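Notes follow once the structure below has been shown.
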Amino acid sequence: LKGQTALLKEQLKRGKTVDDILPQAFATIREADYRLLGMFPYDVQVMGGIVLNWGYIAEMKTGEGKTLMATMPVYLNALTGKGSMLVTPNDYLAERDEKQLAPVYEWLGLTVSLGFDKKVKHPKAPLKRSWYDSDIVYTTASTLAFDYLFNNLADSLDEQYMRPLNFVVIDEVDAVLLDGANSP
């Protein structure tokens, strides 16, 4: 099972698309979720993961397993090597989810980071670059918005730290896009 990540990445290099490998990738992360967390995503969570992968909104109520559902499209899109993010409305959710799920992704051979560190007041570009260079980044909407702004205002390439945006799952999309609409 741990070898599936390398096999799936190889399929992408040989011309397959993310949609082509979706069934295998979802099956891989589902089984890893079960083995490491003791939680096996239900069929409805798989369907929600497919919807998110296609760029649509999937509505689920509290307790229906959004956190576990997100592992599938986040893992799938991280396989491209271009990065995958999960954005939340607050640092509590980002830290909780990253802490809970990083062991699964890392077990499968991917790197994971939190896109901020509350202990570091003004992180420099090299530290932020190390966060954003991870296969999977858990962060907050406001952190991402301001990092995007500062990255694009940088005076030199040395001061830039974000790679091109590839894929993001927005947790609590109503809170991020509607309630937080006063943020950039």
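Checked against the criteria, GLU95 does not count as acidic (Asp, Glu), over 23 Å from VAL173 (Cβ atoms) and touching a residue at least 12 places away in the same chain (Cβ under 8 Å). Does GLY65 count as in contact (Cβ under 8 Å) with a residue 12 or more places away in the chain, surrounded by 18 or more Cβ atoms within 10 Å (Cβ to Cβ) and either over 26 Å from LYS13 (Cα atoms) or within 13 Å of the chain's Cα centre (by Cα) (or both)? Taking the combined requirement at face value, the residue does not satisfy it.
For first residues located in segment 155-177 and under 14 Å from GLU59 (Cβ atoms), partners that are at pLDDT below 95 and of a type in the set (Ser, Thr, Tyr) and lie 6+ apart or on another chain with Cβ distances below 7 Å form the pairs ASP171/THR88; GLU172/THR88. Here ALA145, ALA141, ALA78, ALA94 are screened, and the one residue that is surrounded by 20 or more Cβ atoms within 10 Å (Cβ to Cβ) and modelled with pLDDT under 95 is ALA141. Residues in segment 113-138 that are outside any loop (DSSP other than H, G, I, E, B) and open to solvent by 20 Å² or more (accessible area, probe 1.4 Å): LEU114, PRO126, LEU127, LYS128, ARG129, SER130, TRP131. Checked against (1) surrounded by fewer than 19 Cβ atoms within 10 Å (Cβ to Cβ); (2) within 20 Å of GLN100 (Cα to Cα); (3) touching a Gly at 6+ places or on another chain (Cβ under 9 Å), PRO73 passes all but condition (1). Confirm whether ALA32 is open to solvent by less than 40 Å² (accessible area, probe 1.4 Å) and over 29 Å from ALA145 (Cα atoms). So ALA32 passes the test. The C-beta contact set for segment 117-129 (first residue within 13 Å of ASP158 (Cβ to Cβ), second residue open to solvent by less than 60 Å² (accessible area, probe 1.4 Å) and in a helix (DSSP H, G or I), distance under 7 angstrom, 6+ apart or interchain) comprises LYS128/ASP147. The sole residue among LEU36, LEU101 that is touching a Pro at 6+ places or on another chain (Cβ under 7 Å), of a type outside the set (Lys, Arg) and either assigned to a loop (DSSP other than H, G, I, E, B) or at pLDDT 95 or above (or both) is LEU36. The set of residues in segment 1-33 being touching a Gly at 6+ places or on another chain (Cβ under 7 Å) and assigned to a loop (DSSP other than H, G, I, E, B) consists of LYS2 alone. Determine whether segment 12-27 contains at least one residue that is under 20 Å from GLU172 (Cβ atoms), free of Cβ contacts under 8 Å to residues at least 24 places away in the same chain, open to solvent by 30 Å² or more (accessible area, probe 1.4 Å) and among the basic types (Lys, Arg). For segment 12-27, residues under 20 Å from GLU172 (Cβ atoms), free of Cβ contacts under 8 Å to residues at least 24 places away in the same chain, open to solvent by 30 Å² or more (accessible area, probe 1.4 Å) and among the basic types (Lys, Arg): absent.
The values are calculated or read from the model by the stated rules, or taken from the named source; none is laboratory data. Source: prediction; values computed, not measured. Positions of Cβ are generated from backbone atoms using ideal geometry, with glycine treated the same way; all protein chains shown enter the neighbour counts. When the accessible area is computed, the model is the full protein with side chains, heavy atoms only, and any ligands, DNA or RNA have been set aside. Shrake-Rupley method; radii C 1.70, N 1.55, O 1.52, S 1.80 Å.
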